[in-house]
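Read through the structure below, which is laid out as C-alpha cells, and then see the notes.
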Amino acid sequence: MAQTAEAQAFLRRLGELPDNSGVDLGPAITPSLQDEAELRRLFATDRENARLKDPYVGLVDVFGQNTERIKKIHARTINDDDDLHKHYVMPLDEEARRKDGEMSMAPSMEEFKARWAIFSEGALSQLTNWDNVVAAGGGVLA
C-alpha cells in the first residue's frame, strides 16, 4: 500500500524531530490527531465525502518507506517517583519498561504470533481462516 498524503506528512513531521530521549512528540502527532477528528466528523455527518472513499484514509503503512522512527520506543524521561506516578496509573518497574530506542513492535510475524498466543490465552488458536478478521487495540499494539 502506498502511504496516503496524510501519512507522508506525519512521517515527515516525525522525521524532523530531534532524535534524542524525552523529545516532545506533540508537533508531529497533533496535526494527525486533528485530521483524525475531522475524519470522524465526516464519518458522522457526510458519509459520501470523497476522503472517506479511500479504504486506507487515516492509516500509516508501518512496513512502508521512512517508517523506522515509528517502530521504536519514544520513552518519556522520568526524573523521580513523583514524575513516574504523574504519567502512569499503574507504572511498570524500571526493568520492565522498554527503553528509549528499542523496537516497539514484534520483529517478525513468528514473534507476533507467539506474543498474541500468550496475550489471547489461545482463544483464537482454532481459527484457521483469518480472512475478514480484524484484531485491533492495545493487545495488538503491545
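At a glance:
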quantity	calculated
Condition check for Asp61: of a type in the set (Asp, Glu), assigned to a loop (DSSP other than H, G, I, E, B) and closer than 25 Å to Gln8 by Cβ	yes
Of all residues making up segment 102-129, the number that are open to solvent by 70 Å² or more (accessible area, probe 1.4 Å), of a type in the set (A, V, I, L, M, F, W, C) and under 30 Å from Asp19 (Cα atoms)	2
Qualifying positions in segment 30-39 - surrounded by 14 or more Cβ atoms within 10 Å (Cβ to Cβ) and among the aliphatic types (A, V, I, L, M)	Leu39
Hits in segment 80-99 (condition: open to solvent by 70 Å² or more (accessible area, probe 1.4 Å), outside any helix (DSSP H, G or I) and under 17 Å from Leu25 (Cβ atoms))	Arg98, Lys99
Residue match in segment 62-75 (condition: over 15 Å from the mean Cα position of the chain (by Cα), open to solvent by 90 Å² or more (accessible area, probe 1.4 Å) and under 28 Å from Phe119 (Cα atoms))	no
Those residues of segment 11-24 which are open to solvent by 40 Å² or more (accessible area, probe 1.4 Å), closer than 18 Å to Thr67 by Cβ and not charged (D, E, K, R), in sequence order	Gly15
Test: residue in segment 103-114 that is in a loop (DSSP other than H, G, I, E, B) and in contact (Cβ under 8 Å) with a residue 40 or more places away in the chain	yes
Count of segment 66-113 residues which are touching an Asp or Glu at 6+ places or on another chain (Cβ under 8 Å) and of a type in the set (Val, Ile, Thr)	2
Some residue of segment 40-60 being open to solvent by 70 Å² or more (accessible area, probe 1.4 Å), modelled with pLDDT of 80 or more and in contact with a Gly (Cβ under 8 Å, 6 or more places away or on another chain)	no
Qualifying residue in segment 69-79 (condition: under 29 Å from Gly26 (Cβ atoms), in a loop (DSSP other than H, G, I, E, B), among the hydrophobic types (A, V, I, L, M, F, W, C) and in contact with a Leu (Cβ under 8 Å, 6 or more places away or on another chain))	yes
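The values are calculated or read from the model by the stated rules, or taken from the named source; none is laboratory data. Quick caveat, the model's predicted, so the values are computed rather than measured. All Cβ positions, even for glycine, are placed from backbone atoms using ideal geometry, and neighbour counts span all protein chains on display. When the accessible area is computed, the model is the full protein with side chains, heavy atoms only, and any ligands, DNA or RNA have been set aside. Shrake-Rupley method; radii C 1.70, N 1.55, O 1.52, S 1.80 Å.
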